[in-house]
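What follows draws every value from the coordinates through simple rules; no lab data is involved. Please read all numbers here as calculations on a predicted model, not as lab measurements. Every residue, glycine as well, gets a Cβ built from its backbone with ideal geometry; the counts of neighbours run over all protein chains shown.
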Amino acid sequence: MGVTSDMLNSGQMPHSEILDWDWIRGALAGMDISSERDPAWLWKPFLEDLKSMQVLYDIKPLTPWQENEEQSILDSLGGYVSITASISGTGIRFPLPSEMVKKVSECLPAMDIEKHSHGITIPWKQIDAFTSLVQIRGPVEEMILEVSS
């Protein structure tokens, strides 16, 4: 959808020129955790675009909490959340290994977030602040826009 298909259709670009490199790596890591999303008709084109980008550019998944000095944690978190997040009445929730909840929450300073043993919930009142730090795309972005309008 959108950004990934634009990149695919623009011809093969050198790695250094791919926009949102860390976002894509984070999204691919999210796909390792949440491979099946419903409804399939909404997710299928988005996930296929990401898989095509992975093959075309030989992109390796990288979770937001893996140590990598070249990685932008917030960018990779955006890709990861764009794949793994679920929408609820209280906000958006995404899974994290329990030992990483604190590390990821430290990347979101001054935000009132709910930490769980296996993830984080961003309350609706914090969505604007969260999405100004973390780029959300695809079906999760569409669901957030639908709920907030």
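Here are the numbers:
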{"quantity": "Contour excess over end-to-end distance, with Cα ends at Glu36 and Lys125 and 0.36 nm allotted per residue", "calculated": "29.2 nm"}
{"quantity": "Region 54-149 shape via C-alpha gyration tensor axes, a/c threshold 1.5", "calculated": "oblate"}
{"quantity": "Distance between modelled label sites at Ser117 and Lys103, nm, 7 Å Cα→Cβ extension", "calculated": "2.0"}
{"quantity": "Charge sum, other residues only, whose C-beta stays under 14 Å from Ala27's C-beta, Lys/Arg counted +1 and Asp/Glu -1", "calculated": "-2"}
{"quantity": "Förster radius 35 Å - calculated FRET efficiency between Asp58 and Leu145, Cβ distance, rounded to 0.05", "calculated": "0.60"}
{"quantity": "Residues of type lysines that Lys51 reaches as a straight line, Cα spacing below 25 Å, ignoring anything fewer than 8 places off in the same chain", "calculated": "Lys60"}
{"quantity": "Computed label-point distance, nm, for sites Gln66 and Lys44 using a 7 Å Cα→Cβ extension", "calculated": "2.9"}
